[in-house]
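To start, the structure under review is shown below, and the notes come after it.
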There are 2 protein chains.
Amino acid sequence: MKKYEIVYEKIKADILNGYLHKDEKIPSIRQSCNLFHMSQTTIEKAYDKLVLDGYIKSLPQIGYIVKFTREQIRLHREIEKVQNEEKEDVYTYDFRIKSVSKDSFEMDTWKRYLKEVMNNKESMSMYGMAQGEPELRQVLSRYAYKNRGILSHPDQMLVGSNYQSLLFILCGMMDKNLIVGMEEDAPLQTKRVFEAYGFKIIFLSRFNFMEDLKNNSIDILYITPACFGNHKEPISSRIADELLVYSASQNILIVEDDYNGELTYRSSSRQALHSLSIDDNVIYLGSFSRLLIPSFRISYMILNEKYTNIYKAQEAMYGPTASKIEQLAFVRYIQNGYLDKHLRKLKKEYKEKSEYMEYLLKKYTKIPFYLNEAYMSYFNEDLCVKDLKLKCEEKNIGITYSNKGIEIGFANISMKDMEQGIVQLIEIIEGVQ
Amino acid sequence: MKKYEIVYEKIKADILNGYLHKDEKIPSIRQSCNLFHMSQTTIEKAYDKLVLDGYIKSLPQIGYIVKFTREQIRLHREIEKVQNEEKEDVYTYDFRIKSVSKDSFEMDTWKRYLKEVMNNKESMSMYGMAQGEPELRQVLSRYAYKNRGILSHPDQMLVGSNYQSLLFILCGMMDKNLIVGMEEDAPLQTKRVFEAYGFKIIFLSRFNFMEDLKNNSIDILYITPACFGNHKEPISSRIADELLVYSASQNILIVEDDYNGELTYRSSSRQALHSLSIDDNVIYLGSFSRLLIPSFRISYMILNEKYTNIYKAQEAMYGPTASKIEQLAFVRYIQNGYLDKHLRKLKKEYKEKSEYMEYLLKKYTKIPFYLNEAYMSYFNEDLCVKDLKLKCEEKNIGITYSNKGIEIGFANISMKDMEQGIVQLIEIIEGVQ
C-alpha cells in the first residue's frame, strides 16, 4: 500500500464506520501532516482521491467536510454483505410449466462444442454480427424449412437472445400508434413490448376469435398457433387458412410466435403459418429454450421483405444480443443432427408423460383437466387459487398459477415421481374446493 | 420411408426441380393410384401433406394444382446451398477499433468455469431471473462500488446481453414524446433506441457542450463520460459537477453509458457520474465486451428509485436476455479475482501500446493524431476517407472509418507488428492526401 493510500483508507473507514458524520469537518491538510507524519503532497493526494470518490468535499473558507450520507453508508454495508437469499426454489414435486426435461439434452456434446468454439481465439475476439452469426442463420434457415416449412433467406433472419428483444427491435421499426390484436391471455412479455411502444392493444376472445377479429380494425395480429383458442390447442388448418386470407385482404401484419411449434407429440405435426401465407404479411418468431435447456438463450425472427429492407438500412444501428459462443456451438449442434435427435427424444418423452399424467388425473379425481400441448401441461381454469398456493407451498409442490386457475406441467417430473406427486396435489386441490 | 412418403417426395421433387409449374394441374388422386400402384388412402395422405406443406392446392371442380411459385423454388435452392460467403475478415494489420486484445483473457479459466456451471443440471434446467441471476447482481453491485464508486442495491440492477437491449427496456418504461440530448456522434445503437420510441433527439455540440445543453430544453441526457467533448477525453471533474448540479436543477434524467469507464491507462482514474450524483437522477449502464472478450455479452444497468419501482411492478413482463451459463461463470470469474487481474493486465498492455503507437505516428508522419482512450485508438477527423478505404483494403489493412475521418486502434495489434503496419498505413494516408 502506498503512503497516501494509508491516509485514504483510514479516513474512508472512519466515515463508513460512522465515526465521522455527514457535514462534519475532518482534519485540515496541515493537521493530517502532523497526525500521519507525512508530507503535504501525500496528504493532498489522499484528500484529492477522497473528494474524487465522493467521501468528502472541500468548502471555501471552511476546509474539508464529510459528504457521505447515512443512506450511502447503509447501502455500502448492504453491498458488502454477502446475500444468498434469492436462491432458486427446489420443489419435491416440480409441476411448474417453466421447467423442462433436463435429462435428454446432450450436455456433454454441448460442452464439447462450446470448448471447440472457444478454441478459436480469432473468432472469440471479434464482436460478431448484430443480425446473428451468418453460419447460424444459414443453418436455422434450413432448419425452419425442414421443420416448419418456411422458405426464407438467411438475410431475412435476425438472431437474438430471446423473443422479447427481437420484438423490441421489430416494433421499433414500425410506425407509431398502431393497433395490435392478440388473444386475451397472450404472454405478458409480448404485451409489455407493444405497451412500451404505446401501441393500442385489443384483446380478442379465445372463445370467439375469428368473429372478434373481424369486428375490430387492427394493424397487427400477434398469435401463438401452437396454443390457440378455446382449448389452447394447435390452430386448425381451416382457421389458419381463414386467418391468412382475411389478414391479407385487410393488410394486417401477422406476428407469428411459433412457441414450441415443432414440438408436437399428441397432435399431428403442422407447418408454420408463415409457410402457408399468401401475401408476405407474416413475421415469424422461433425459439429453443423449451427444446434445449432453458438456460440456453437463442431465438430467431424471420422478417418479410418490407422489414428486411428497413432492417438492412438500419443494420449498423444494432448490436448483437445472443452469446456468440452459444451461437457457434449451436451451429455444430444442429449440423451434426443433435437438435433433430433431441426433438425426437423429447416428443417420445412428452408423449409418454402426458399420457401417464392424463391417466393419473383421471384415476384420482373427477375434476376435469385439459392438455396444453405447447406448454407440456394440464390446465383447469375454474380452480380457486389463493388457498391452493399456500397449501402447495407447505407441501413443497410447485405448480403454475394464473389469474384463471392452474397449470400442472409434466416436463420436469420423472415418471417415477409422478403418481405420488399427483396424489398429494389432488388431495390439496380437493381439500380447498 | 412409408408408402405415402414416396408419393409425397416424388411430387415435391418434381415441383422443386421445375418439372411441374405453378398453377399446373397434377394427376388426380385416381390417376396417381394407377401411376404409383397404391391405394386411394395412401395417395390421399400424400396429397393432404402436400397441401398442408404448401406445395399444391385443391380447386373445386378442377382438382389439384401446383401452388409453389418460381420465387419459392429459388429460395428453396438458396437454402439448400451451403453459403460461407459472409466470413469475418482477417486483416494482415488489424487497426479496427472493434477488435480487442485477445491474449490477456484467461480463456482456460473461463472454460473451466463454464464447465463447472454446466455441471449443475438443476440450475441449467431453469430459466433464471429476467432481471439477471441474483448472484451476479450481488457481485456486480460490489464491483461497481469498488471500481466505479457506485452505491447500489442488487435490486436496482438489471443484467442484459448488451446495453442496447437494456436501453430498449428502460425507454419502454418512460413516458412517450420525451426530448433527449446527446453528443453529435453518440453511438448509433443508442440513437436507434430513442428513435424507435419516437423521442425527439437534440444533438449537442461536442465543442460547446454545456452551453448547448443550457440552450435546449431536454428531459433526458445521454452521455459517455469516458469519451467526451472536443477531444474525446474522459470528462473533467469540473464539467461533471456542473452537469450534475444543472441536471438536478432542471429535472433532467442522465443516462450514463460508462463505456470503458474503468479502463483508464493514460488518464487518472475517475468515478462514475452516478457515484457523484446528488439527486438520484442518474441511470448507469456498464458493459464488459471491451474488458473481456467481445464475443462475451453481459451488460448491466443500475436504475434509480423511480425506475426500480416501475420495473418491479412490471417484472413478470420481462424475460432474461443474457446467457445464464455466461452469467454464472462470470460470477466465479469476478469472485476469484480474475476480472480485477485482467483489468490490471489490460491497463498495462494498452498503456504500452498507446505510447508506442504515439511514438510511431510521430516518427513517421506530421499529420496530427489524438488519443481516444476509451476506444483504444488514435483519431484524425480531417482525413479524406474514400480513396483511403480502397487503398487499405488492397493492402489488407483494417482501420475504422467514420463520416469524420479515421480511427486507428491499437488493441488487437501486437507490439511486434505495429511498426510495419503503421509504416504501410502512413504511406497510404500520405499518398491519398
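The values are calculated or read from the model by the stated rules, or taken from the named source; none is laboratory data. All values derive from a computational prediction rather than experimental measurement. Cβ coordinates were reconstructed from backbone atoms using ideal geometry, including for glycine residues, and neighbour counts include every protein chain displayed. Just the protein is used for accessible areas: all its heavy atoms, side chains included, with ligands, DNA and RNA removed. Shrake-Rupley method; radii C 1.70, N 1.55, O 1.52, S 1.80 Å.
Numbers below:
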{"quantity": "Within straight-line cross-link reach of B:LYS2, aspartates and glutamates at Cα separation under 14 Å, skipping those fewer than 8 residues along the same chain", "calculated": "B:GLU44"}
{"quantity": "Computed Kirkwood radius, in angstrom, where 1/r is averaged over Cα pairs of segment A:355-418", "calculated": "12.4 Å"}
{"quantity": "Cα-based equivalent ellipsoid of segment A:221-371: semi-axis lengths in Å, sorted from largest, via gyration tensor", "calculated": "31, 24, 12"}
{"quantity": "Ellipsoid equivalent to segment A:104-189 - semi-axes via the Cα gyration tensor, in Å", "calculated": "30, 18, 15"}
{"quantity": "Those aspartates and glutamates that a straight Cα-Cα span of less than 17 Å connects to B:LYS214, excepting residues fewer than 8 apart in one chain", "calculated": "B:GLU183, B:GLU184, B:ASP241, B:GLU242"}
{"quantity": "B:LYS200-B:LYS146 FRET efficiency (beta carbon distance; Förster radius 45 Å; 0.05 resolution)", "calculated": "0.75"}
{"quantity": "Ratio of the Cα radius of gyration of chain B to 2.2 N^0.38 Å, where N counts its residues", "calculated": "1.30"}
{"quantity": "Cα point-scatterer Debye curve for the protein assembly as shown, base-10 log of I(q)/I(0) at q = 0.06, 0.09, 0.10 Å⁻¹", "calculated": "-0.47, -1.01, -1.21"}
{"quantity": "Isotropically averaged projected area of segment B:300-359, using the convex hull of Cα atoms (one quarter of hull area), nm²", "calculated": "6.8 nm²"}
{"quantity": "Volume of the Cα convex hull of segment A:122-172, divided per residue and given in Å³", "calculated": "97 Å³"}
{"quantity": "Estimated FRET transfer efficiency (A:ASN396, A:GLU358; beta-carbon r; R0 25 Å; 0.05)", "calculated": "0.55"}
{"quantity": "Kirkwood hydrodynamic radius (C-alpha pairs) into Stokes-Einstein, segment B:392-433, 37 °C and 0.692 mPa s, D in µm²/s", "calculated": "296 µm²/s"}
{"quantity": "Farthest toward positive dipole pole in chain A [+1 Lys/Arg, -1 Asp/Glu at C-beta], among A:MET129, A:LEU16, A:LEU339", "calculated": "A:LEU16"}
{"quantity": "Values of log10 I(q)/I(0), in the order q = 0.12, 0.20, 0.23 Å⁻¹, for segment B:312-418 under a Debye, Cα-only, solvent-free model", "calculated": "-0.64, -1.05, -1.25"}
{"quantity": "Calculated FRET efficiency for the pair A:ASN177/B:ASP241, C-beta based, R₀ 35 Å, to 0.05", "calculated": "0.30"}
{"quantity": "Set of segment B:1-26 residues, backbone N closer than 15 Å to the point 7 Å along the Cα-Cβ line of B:LEU35", "calculated": "B:4-26"}
{"quantity": "Residues of the protein assembly as shown: accessible area per residue with a 1.4 Å probe, Å²", "calculated": "43 Å²"}
{"quantity": "Ratio Rg/Rh [Cα only; Rh per Kirkwood] for segment A:3-50", "calculated": "0.94"}
{"quantity": "Cβ-placed point charges (K, R +1; D, E -1), dipole of the protein assembly as shown about Cα centre in debye, nearest 20", "calculated": "1400 debye"}
{"quantity": "Shape metrics for segment B:267-333, restricted to C-alpha atoms - Rg then Dmax, Å", "calculated": "14.7, 43"}
{"quantity": "Helix axis angle, A:415-432 relative to chain A longest principal axis, alpha carbon, degrees", "calculated": "90 degrees"}
{"quantity": "B/A buried area, accessible surface, summed, 1.4 Å probe, Å²", "calculated": "8500 Å²"}
{"quantity": "Potential extension, A:HIS76-A:VAL51 segment - 0.36 nm per residue separation minus Cα distance", "calculated": "7.3 nm"}
{"quantity": "Overall dimensions of segment B:100-259 by Cα: Rg and Dmax, Å", "calculated": "18.8, 57"}
{"quantity": "Alpha carbon convex hull of segment A:238-281, projected area averaged over orientations, nm²", "calculated": "3.2 nm²"}
{"quantity": "Rounded to the nearest 20 debye, dipole of chain A from Cβ charges on Lys, Arg, Asp, Glu", "calculated": "1260 debye"}
{"quantity": "Compactness relative to 2.2 N^0.38 Å, alpha carbon Rg of segment B:165-222", "calculated": "1.09"}
{"quantity": "Links that overshoot a 21 Å alpha carbon limit, given the list A:LYS416/B:LYS121; A:LYS351/A:LYS416; B:LYS191/B:LYS324; A:LYS362/A:LYS386; A:LYS98/A:LYS389", "calculated": "B:LYS191/B:LYS324; A:LYS362/A:LYS386"}
{"quantity": "Principal-axis tilt of helix A:3-16 within chain A, Cα atoms, nearest 10 degrees", "calculated": "70 degrees"}
{"quantity": "C-alpha long axis of helix A:134-148 to longest principal axis of chain A, angle in °", "calculated": "30 degrees"}
